[in-house]
Amino acid sequence: MPAPLIEVEDKQPDEKIEIRLRPEVARDLRAYGEYAQGSSASYVVAAALKRLFREDKGFKSFREENPSAGSVKVQKFRKSSSASEKGAA
C-alpha cells in the first residue's frame, strides 16, 4: 500500500481553531486520518495546510511582505486599582 503524503502525528498540543466543512469533505478528512495510521482530523488538516503553505509560491511572497499577517491580536488591559487602594488615597 502506498504511504500517506503526510507524516505520522506527533500528538503535540495545538492551538484550537473552529472550522466548518462540507459533509463530503469531513468524511474524506476522517477517512484520510484512518489511512494515515489513525491520525486525528486536526493533524491531517494541519499537515495538509503546512504542505499547501510550503508549496504555494504566491503565499510565500505574501508572508515575506506581511510578516505579521495571521498573528493573534492580543488585547492589553490596564490593571484597575482596587477599591481599598482608592479609599486609602
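The values are calculated or read from the model by the stated rules, or taken from the named source; none is laboratory data. Since we're looking at a predicted model, the values are computed, not measured. Neighbour counts are summed over all protein chains in view; Cβ atoms, including those assigned to glycine, are modelled from backbone coordinates with ideal geometry.
If you go through the range 8-33 and keep only what is surrounded by 10 or more Cβ atoms within 10 Å (Cβ to Cβ) and either in contact with a Phe, Trp or Tyr (Cβ under 8 Å, 6 or more places away or on another chain) or assigned to a loop (DSSP other than H, G, I, E, B) (or both), you end up with V8, E9, D14, L21, G33.
Filtering the range 1-44 to residues that are touching a Leu at 6+ places or on another chain (Cβ under 7 Å) and in contact (Cβ under 8 Å) with a residue 24 or more places away in the chain leaves only V44.
For the structure I just gave you, tell me whether R63 is assigned to a helix (DSSP H, G or I) and either of a type in the set (A, V, I, L, M) or at pLDDT 75 or above (or both). Criteria met by R63.
With respect to being at pLDDT below 95 and surrounded by 12 or more Cβ atoms within 10 Å (Cβ to Cβ), A36 fits the description.
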